[in-house]
Every structure is written in structure tokens, then in C-alpha cells.
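The values are calculated or read from the model by the stated rules, or taken from the named source; none is laboratory data. These numbers were taken from a predicted model, which means no experiment stands behind them. Heads up, the Cβs are rebuilt from the backbone with ideal geometry, glycines too, and the neighbour counts pull from every protein chain shown. The area values use the complete protein model at the heavy-atom level, side chains included, leaving out ligands, DNA and RNA. Shrake-Rupley method; radii C 1.70, N 1.55, O 1.52, S 1.80 Å.
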Amino acid sequence: MKVAIFGGGAIGLAYAALLLNAGHEVRIATRSCGTVGEAALRVEGAVAFSGSVHHAHSIGEAADWADVLICTRRAPGVQDLVEALLPHVRPSQTLIFSAELSFSAFYAHQRFAAAGRGLPVVAWSTTVATAQRRPDGRIVSSTLRDRIDYATVGARTPDDSGEICEALFGKRFHRLSGALAVALSNLNPPIHLANGLANLTRIETGEDWDNYANITPAVGRVIERLDTERLALAERFGLNVRSVFEHYLRTFPGISAGSVSEMASQVSAKGPRTPGPTSIDTRYLTEDIPFGLVPLVELARLAGVPMPLHEAGIALAGAYTGRDFTTENTMLASIRESWSVERMSAL
């Protein structure tokens, strides 16, 4: 298949490597499209590739060419991407969000449908692989996940989204009841909130620190408490979503069940080492809070479900950084206009 990847970060390049290894055609489209034509690509670790990948001249060129569109952009860039794709998408294509944040699949479906350009929009609960760009430019992937939960908004009849995902990345996809279940299954934002705030001085001073080794028992307890609130919100909508304990066991095959801290310690011991962020302008805060946690808190208020620890964490992070994270997600403002408990339950 012809696959356009929107986002030239480590995850997008790891996906390109996986797809090229599987025999698919790939084009990368970034916001600036500064690199055009063939460019060298090397990925190491759980995903291994050495060769080249094609970079498109523009987002529109890549969209017009592709059968499948995959968004690996950071959440703040999703709204702009959807608007840029609007003149180019067609019903025969499939758009995949990797991974779902801020009900982005719902937002894209709304925008495309309003323009008469409806196409299936697939939401993944997390990324197929983890990857980081090291200071020397190498792309290193530490994990290739064996299960990805997904759902489709605006599906064709019949919905072949699962078959498309498997054709691209193998048999690792598990369909959930709907996109709301997927949105409530993304565990990265609460985990990053707890670990980011607890290790904030390390982050702010640029210390070289191990992400999983510093999920200490205290940090683990906060993650578990945040998870209790998230699960209560899911239950309000009649959804049975995975717990943080299931998340660790599915994400890191071979570790033993235990507390969050105990499982994180096992991940650290197995390696490869995953460095924590070294700037306060980290996605742990600037992306995962306004696009991951704020939407859940607003949904919880709509549904009458208390999430005091989430609210406290958002407020505390805002005080530390001098930002109001509750106002930074403009995509959420558009979605909120059509929110109701009944409509979100059907999502």
C-alpha cells in the first residue's frame, strides 16, 4: 500500500522503517517539508532499518498520493494538519491517529463530514513502537508493542480498518467498542504527569535520568490513584478499559505483575535505557496535559464524575510552568460545542 506519514519525528520514522521492511511504499510529510526527495534513514533496536525514505514536497502531495494516511504529529499540530488535509482527503482513504489524544479522531471526522469528504478515521490507544531520537541523530526504538487497541469513527460498510492496520503493521490490533473507549485507554498522559512532576527538578536542570527507574513507589502510587479516577470515568460511560497494570503487562512482554513501581523497575532493568526528558518544555507537560488530561477532566465534569487528583495535577503543573493548560487546546473548544453524555457514549 501507499502510506503517507505526517510527522517526521522518531515515531514517524520508526513507522516508515517498519512499513518499508514490510514492502509498502512510504512518503513522509512534515510541517515545513524542509527535506524533499530521498533521505537516509537508519533505525536501531526493536525496529531495525538502514536505507532511505521519500520525503514529500507538501502535505497535499503526500495526501493525494496515498491510500492510507498516518498522523504521528504531536498533538498541538493535529488541528492544523486536519485543516491542511481537508481539500485532499477522499472516501477511499483511511486516516489513522497514532495515538489518540484530545478526541482528535472525532474532531477530524466532524471536519471531513461537514466538508462532504467523509472517510474512516481510526484511533489507536498507543503507538505501535516506542522510539527516540538520540543527540547524535540516531533513531532508537526500545519497544515493539504486541497489542494496540483501536476503533473507527465514520466507518465504511463493512469496516475494513482492522484489516488495513494488520496489513501495515501485523496482527497486533484489538478492536474496542468505540473511539471513546480508545481515548480513555491512552495511559501515557497520567503516567507522564506523575513522573514528570515528581522529577521536575531533574527535567528543569537537564539532568541525565532514567525514566522508568525513577517511577519510584511514591510515583507509582500516584499513577495508580490517577488510574482509579480514569477507570471510574470509563465506567460512567459503560466502558471496560484496560488498567495501568494491564498496560504495563501488554506493553512490556516478559515482565511480572506487580505494583506500577515494581513493573517499571523491571522495565528499567531489562533495558534498553529510556532517558527522561531534559527540558521543562517537554511533551510530558506541554502536550499530555492540555491534549491528554484536560479533555478527560472536561468530559468528567460533563458526566458528573469527580477527578480531583487529575485537576490538582493540571493546576500544579500550570503553577510550576507559569501556563494555563486549560486554555491551550483550541481543538477541544470546537469539539465541546457538540458534546453531550449521549453523543459521547455513542462515539
**Prompt:** For region 44-184, what does the equivalent ellipsoid look like in terms of its semi-axes, each the square root of 5 times an eigenvalue of the Cα gyration tensor, given largest first in whole Å?
**Reply:** 24, 19, 14
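For the chain, report the accessible area per residue in Å² (1.4 Å probe, heavy atoms, rounded to an integer).
40
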**Asked** Mean 1/r over all different Cα pairs, inverted: what Kirkwood radius does region 155-216 give, in Å?
**Response** 15.0
**Request:** Work out from phi, with θ = phi - 60° and the Karplus expression 6.51 cos²θ - 1.76 cosθ + 1.60, the ³J(HN,Hα) of each residue of region 67-76, listed in order in whole Hz, and give x for Gly and Pro.
**Result:** 8, 10, 10, 10, 9, 10, 4, 5, 3, x
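Which value at 222 nm does the chain reach when only helices count, each DSSP H run of 4 or more adding -39,500 (n - 2.57), with the total divided by all residues and rounded to the nearest 500 deg cm²/dmol?
-12000 deg cm²/dmol
Could you quote the convex hull projected area for region 175-331, Cα atoms only and averaged over all directions, in nm²?
If you wrap the Cα atoms of region 175-331 in a convex hull and average its projections, you get 9.4 nm².
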**Fill in**
Between residue 173 and residues 5 or more places away or on another chain, the pairs with built amide H atoms under 5 Å apart involve 148
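So if each residue of separation counts as 0.36 nm, and I subtract the Cα-Cα distance between residue 22 and residue 337, what length gain in nm does that give? Mind dumping the intermediate values first?
On the way: separation 315, 0.36 × 315 = 113.40 nm, distance 4.18 nm.
Residue separation times 0.36 nm, minus the Cα-Cα distance, leaves 109.2 nm.
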**Request:** Could you give log10 I(q)/I(0) at q = 0.23 Å⁻¹ for region 243-344, computed by the Debye formula over C-alpha point scatterers of equal weight, without solvent?
**Result:** -1.15
**Item:** Virtual spin-label span in nm between residue 2 and residue 256, 7 Å along Cα→Cβ
**Value:** 5.2
**Complete:** Of all C-alpha pairs within region 65-122, those more than 16 angstrom apart amount in percent to 31
**Asked** By how many nm would the segment from residue 228 to residue 266 lengthen if fully extended, with 0.36 nm per residue of separation less the alpha-carbon distance?
**Response** 11.4 nm
**Item:** Packing-based order for 46-52, 157-163, 143-149, using average beta carbon neighbours within 10 Å, highest first
**Value:** 143-149, 46-52, 157-163
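Order 88-96, 5-13 from most to least packed using the mean count of other Cβ atoms within 10 Å.
The packing order, highest mean first, is 5-13, 88-96.
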**Prompt:** Roughly speaking, what is the centre-to-centre gap between region 179-226 and region 87-156 when only Cα atoms are used, to the nearest Å?
**Reply:** 23
**Complete:** For region 124-138, Karplus-derived ³J(HN,Hα) couplings (6.51, -1.76, 1.60; θ = phi - 60°; whole Hz; x for glycine and proline) come out as 9, 6, 7, 7, 5, 10, 9, 7, 9, 8, 7, x, 7, x, 5
**Request:** For region 206-216, take each phi angle, set θ = phi - 60°, evaluate the Karplus expression 6.51 cos²θ - 1.76 cosθ + 1.60, and give the result in whole Hz per residue in order, putting x for glycine and proline.
**Result:** x, 5, 7, 9, 8, 4, 6, 5, 9, 8, 6
**Fill in**
Rounded to a whole %, the carbon-and-sulfur portion of the accessible area of region 199-301 at a 1.4 Å probe is 48
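Can you tell me the length gained on complete extension of the stretch residue 213 to residue 133, counting 0.36 nm per residue apart and subtracting the Cα distance?
Difference between extended and current length: 26.8 nm.
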**Fill in**
Of the convex hull enclosing the alpha-carbon atoms of the chain, the direction-averaged projected area in nm² is 16.1
**DSSP bridge pairs, the chain: antiparallel proportion in percent, nearest 5** = 40
**Asked** Can you work out D for region 1-105 in µm² s⁻¹ from Stokes-Einstein, where Rh is the Kirkwood radius over C-alpha pairs, the temperature is 20 °C and the viscosity is 1.002 mPa s?
**Response** 157
**Set of region 267-289 residues, backbone N closer than 19 Å to the point 7 Å along the Cα-Cβ line of residue 50** = none
